[in-house]
Ligand SMILES: [Fe+2]
C-alpha cells in the first residue's frame, strides 16, 4: 500500500515505463538487425510476386486494395515469418515497456505509391503495438503521425505505441514501396 505523497512519487518513478517518459510512443532505433530486414524484404517481395500478377495490357501490377489505405503492393495477416517475429520480439518489447505481454496478432503491408493511412485507433485488444519499418524506396522518410505528431522511422526502427488509445495515420506516400510490419500484444494482468 503506497501512502504518503513522496512514497507515491517514489513508487511511480520506480514503475514508470519508457513510454511514460516520452508520452504516447517511443522509437527503438535498429530494433531489428540488417540481416532480419534483408531476409524479410526478400521474403515479402517473393510473397507478393507469388500472388500478384502483372497486367500486360496496362503494364501495371494488379495490387491489393484497402479502403482506408489505397492500392497496396501486398498486405498479409498471420504470415508465418511475421508470426515468428511476433514471438521473437515479445521479450524485447516487454522489457522495454516494463510490462508482461502476450502476442495477439501480426500483419504486414507493402505500401505502394499514393498509399495513405486514414486516421484511426486500433482494435481494443491491440494494447501494445510495434510498427516497424522493414525497408523502403522513397525520396524521403515517410512519417507516421501519432496524435498529430510526425514520427520518422528508418529501416529497422520500431515505434512502440498504444494504438488502441491514440489516433494515428499517414499522409499520401511519395515513394515506390515501403514495407511495414505490425506486431500487436496484450498486457497480462497479474
Ligand atoms: Fe493502426
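Read the figures in this text as sums done on the coordinates, not as results from a lab. In this text the structure is predicted, and so the values were computed from the model without any measurement. Cβ: placed from backbone, ideal geometry, glycine included. Neighbour counts: every protein chain shown.
Worth pointing out:
- Projecting label points 7 angstrom from Cα along Cα→Cβ for residue 83 and residue 152 puts them 3.7 nm apart.
- Two-site FRET efficiency, residue 51 against residue 187, from Cβ-Cβ distance with R₀ of 30 Å, rounded to 0.05: 0.30
- Mean projected area in nm² (Cα convex hull; one quarter of hull surface) for segment 75-190: 6.8
- Contour excess over end-to-end distance, with Cα ends at residue 100 and residue 141 and 0.36 nm allotted per residue: 11.6 nm
- Cβ-to-Cβ counts within 10 Å put 152, 108 in ascending order as 152, 108, the fewest first.
- Annotation: the residues 132, 97, sorted from fewest to most other C-beta atoms within 10 Å of their own C-beta, follow the order 97, 132.
- As a rough footprinting exposure proxy, the listed residues 118, 157 were ranked by other beta carbons within 10 Å of their own, and the order from fewest upward is 118, 157.
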